[in-house]
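Everything on this sheet refers to the single structure shown next.
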Amino acid sequence: MKNIFTVIASVLLSGLAAIGIVKAATPEPASTVVYTQDGQVARTVNLSTSDYPDFTYAAETAVEAVVYVKVTVKYQQQYQMIDPFFRFFFGDEGGTQSREREQQGSGSGVIIRPDGYIVTNNHVVQNATKIEVTLNNNKTYPATVIGTDPATDVALIKIDEGGLPTLTFGDSDKLRLGEWVLAIGSPLGEELRSTITAGIVSAKGRSMPNYNGEFKIESFIQTDAAVNPGNSGGALVNKAGELVGINTAIVSTTGSYTGYSFAVPSNIVSKIVSDLLDFGSVKRARLGVTMSPVTDKIAKDNNLPALEGAYINEVTKGGSADKAGIRQGDVLVKVDSTVIKTTSDLQVTVNNFHPGDKATVTVVRDGKARELEVQFQGTVESTGTVTEDGSIAFYGARIADTARGVEIVSAGSGKLAQAGGEDGFIIKFVNDTKVSKAQDVITLAKKASRTIVIEGVTSTGRQGYFAFGKDE
């Protein structure tokens, strides 16, 4: 018995000695801590030469939740009749004909719920008459649009299937410059489905030129992961396999990848998705200001320590900012505890709120900081509200009396647009009753019991109609 204990003790001592030797021989990770002048930790970095990025887990996990999205768009193509006999009797104008055409496009998407909810880009599914989704296991399903948000280029679609693999949302605000990320999607079409590329975070808070004047919320993550047009709507994931962005755009003179790709941050996407699931549309808070970056002169006039903040150029009368006491010439530097460094920062921060939410904003006025309480208003006026330009709000759209009749001057992205309403549509009838002015449309819509049917003429001169359920 004594010999047995002696043997066991020897084995244990030998094992402990081996562990000690290995630990002593293994170098500690070379961690560097950078301190500020006042002794505060500024940043930490692991400089260990053995810490190479391992993407296998993230790639193999995430690729199962990224899908191929194929869309079909129908449109009317007009052409001129060239039959000389027809032109002799009816002239050139009488020979104009139209023919329905189909155009196909593709993109990518990310499964975010096991019951078939998929995030993609708005520009991928915009105006689509047919959507098909192909999973990584090659199964194909028809999909329907749940909701879209053109301002952030995010869309939510759904397929009828359960038990699907998903990606969880990561915190895009925690991404650091130089951090490794993966881009997953279907570049250049179906042949290259489920392609994975790697790169680093090149920049954060990027915006792009807005040439058409549409309202946009842009704070893109810029990466050098290879992305091509078919990647739109695909996943940008971190090393942990978390979804940190939706790939959206590239900057290129050739139409293909040249080193610059951009993704909508996951924190923006998750808020949009939650609104679309809960309300069917985005409930976006509105501050009611126009703004510009802080210049050297603005910083000097307001004793700002850095060129940071959002300079208030104009305050909308009666808006959230106006009621809170924000003035033209203020520099907005903080919303609650969030420091505002750029105008994009302010857009993204306000986008995180819902109409009715309250926040404390800090502005610098005449060199002094002031705290003001603001209650955010919504972006979409209630139906029947007369807007500043004289048009009338109507289920997320704006209608007005024009020379052509009662015209949809802005379809927006609400219930009317989702039912098929488009800019330039002339409303002739509401629930079989003829209308001659915009107020007639509002009156008849309020009288409707359940459904509102709109009949009229499209911007191309064709007869058209659409219908949607009335709000309870």
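Derivation of every value follows stated rules applied to the coordinates shown; laboratory data play no part. Quick caveat, the model's predicted, so the values are computed rather than measured. When we count neighbours, we look across all protein chains shown, and the Cβ atoms used for this are built from the backbone with ideal geometry, even at glycine.
Hydrodynamic radius of the stretch 385-425 by the Kirkwood approach over all distinct alpha-carbon pairs: 9.9 Å. All C-alpha pair distances within the stretch 421-461, sorted into 10 Å bins from zero, spread as 31, 55, 14, 0 percent across the bins. Percent of Cα-Cα pairs more than 16 Å apart in the stretch 285-378, please. The calculated P(r) of the stretch 285-378 puts 47 percent of pairs beyond 16 Å. Near ASP423, the amide H atoms lying under 5 Å from its own belong to ALA411; only residues 5 or more places off or on other chains count, and H is placed 1.01 Å from N.
Near the amide H of ILE217, within less than 5 Å, lie the amide hydrogens of THR152, all on another chain or at least 5 residues away, with H placed in the peptide plane. Would you please classify the overall shape of the stretch 392-469 from the alpha carbon gyration tensor, given that a ≥ b ≥ c denote the square roots of the eigenvalues, rounded means a/c under 1.5, and beyond that prolate means a/b larger than b/c while oblate covers the rest? Note, shape of the stretch 392-469 comes out rounded. Please compute the length gained on full extension between ASN431 and ARG462, using 0.36 nm multiplied by the number of residues separating them and subtracting their Cα-Cα distance. In short, 9.3 nm is gained. Across the stretch 428-439, coupling constants 3J(HN,Hα) worked out from phi with the 6.51/-1.76/1.60 Karplus curve, θ = phi - 60°, read 9, 9, 10, 6, 6, 10, 5, 10, 10, 8, 4, 5 Hz, and Gly and Pro carry x. Among the trypsin sites (Lys or Arg not before Pro) found in the stretch 373-472, those both in a DSSP coil and sparsely packed, with 12 or fewer other Cβ atoms within 10 Å of their Cβ, are ARG404, ARG450, ARG462. Along its first, second and third principal axes, ordered by size, the stretch 346-385 spans 42, 20, 15 Å in Cα coordinates.
Give the Debye-formula value of log10 I(q)/I(0) at each listed q (0.18 Å⁻¹), with one equal scatterer per alpha carbon of the stretch 53-280, two decimals each. Each listed q corresponds, in turn, to -1.29. Amide H contacts for GLY464 (H built 1.01 Å from N in the peptide plane; partners 5 or more residues away or on another chain; cut-off under 5 Å): GLY456, VAL457, THR458. Taking the Cα centre of the stretch 53-280 as origin and assigning +1 to Lys and Arg Cβ atoms and -1 to Asp and Glu Cβ atoms, the resulting dipole is close to 160 debye.
Taking Lys and Arg as +1 and Asp and Glu as -1, the other residues whose beta-carbon sits under 15 Å from that of ASP440 total +1.
Converting phi to 3J(HN,Hα) with the Karplus coefficients 6.51, -1.76 and 1.60 and the offset θ = phi - 60°, the stretch 178-183 yields x, 6, 6, 9, 10, 10 Hz in sequence order, with x at every glycine or proline.
Please compute the contact order of the stretch 280-372 in relative form: average sequence separation of alpha-carbon pairs under 8 Å and at least six residues apart, divided by the residue count, as a percent. List each step's numbers first, then the result.
Numbers: 169 pairs, mean separation 29.4, N = 93.
Over the stretch 280-372, the number comes to 32 percent.
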